[in-house]
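Asker: My structure is below; once you've seen it, I'll send some questions.
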Amino acid sequence: MASTQSTGRSRDFALLALRLVFGGMMLTHGIPKLMGFAENSDSFPDPLGVGSPVAMALAIFAEVVCAGLVVVGAFTRLAVIPLMTTMIVAAFIVHAADPLAKKELALLYLTAYAALGLMGAGRFSIDAKLPARFAKLK
């Protein structure tokens, strides 16, 4: 049986891996949206009825700003909320009528962000260095 210290270290490395992989990979979706905002904002899907440019800006905020916060582990529990919302919209609204294969990626991201939301960023993060008064935000 592993010691508590090695179990904690394994947990922290697992959380680091989740943050780097799922935060980093989400950036590969968000940065192209950011770079193409002017050209694509009028044709971006608007499943929430807020207007295409606003919908695209919200997706960019989640996929760039929040994903970047997840990568470094800053305010992780707050940062995953817009990411989870974006993945819920993608899986259950944008791809609602599509087969599971089209929803699968959004569901995988959603699951990883939910795990980070429940467990936090771990020891190898900015959150771990924040003062105790920020405990509810990290």
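Asker: Name the single residue, out of those in segment 28-42 being of a type in the set (D, E, K, R) and surrounded by fewer than 16 Cβ atoms within 10 Å (Cβ to Cβ), that is farthest from VAL54 (Cα to Cα).
Answerer: This residue is GLU39.
Asker: Any residue at all in segment 128-136 that's part of a helix (DSSP H, G or I), surrounded by fewer than 17 Cβ atoms within 10 Å (Cβ to Cβ) and touching a His at 6+ places or on another chain (Cβ under 9 Å)?
Answerer: No, because not a single residue in segment 128-136 is part of a helix (DSSP H, G or I), surrounded by fewer than 17 Cβ atoms within 10 Å (Cβ to Cβ) and touching a His at 6+ places or on another chain (Cβ under 9 Å).
Asker: Still on this model: Here is a list: LEU78, LEU118, LEU83. Which entry is in contact with an Asp or Glu (Cβ under 8 Å, 6 or more places away or on another chain), modelled with pLDDT of 95 or more and under 25 Å from ARG19 (Cβ atoms)?
Answerer: Residue meeting the stated conditions: LEU83.
Asker: Go through ALA112, ALA90, ALA106, ALA55 for me and flag whichever is of a type in the set (Gly, Ala, Ser), within 10 Å of the chain's Cα centre (by Cα) and assigned to a helix (DSSP H, G or I).
Answerer: It is ALA112.
Asker: Find the residue count for segment 70-101, including only residues that are of a type outside the set (Asp, Glu) and without any contact (Cβ under 8 Å) to a residue 24 or more places away in the chain.
Answerer: Total satisfying the criteria: 12.
Asker: Right, next: If you check every pair at least six apart or on different chains, which have Cβ atoms under 7 Å apart with a residue in segment 32-59 that is without any contact (Cβ under 8 Å) to a residue 24 or more places away in the chain and closer than 14 Å to VAL89 by Cα first and a residue that is surrounded by fewer than 13 Cβ atoms within 10 Å (Cβ to Cβ) and hydrophobic (A, V, I, L, M, F, W, C) second?
Answerer: Every condition considered, the pairs that remain are ALA55/LEU48.
The values are calculated or read from the model by the stated rules, or taken from the named source; none is laboratory data. Keep in mind the model is a prediction, meaning the values are calculated, not measured. With ideal geometry, Cβ positions are generated from the backbone for all residues, glycine too; neighbour counts draw on all protein chains shown.
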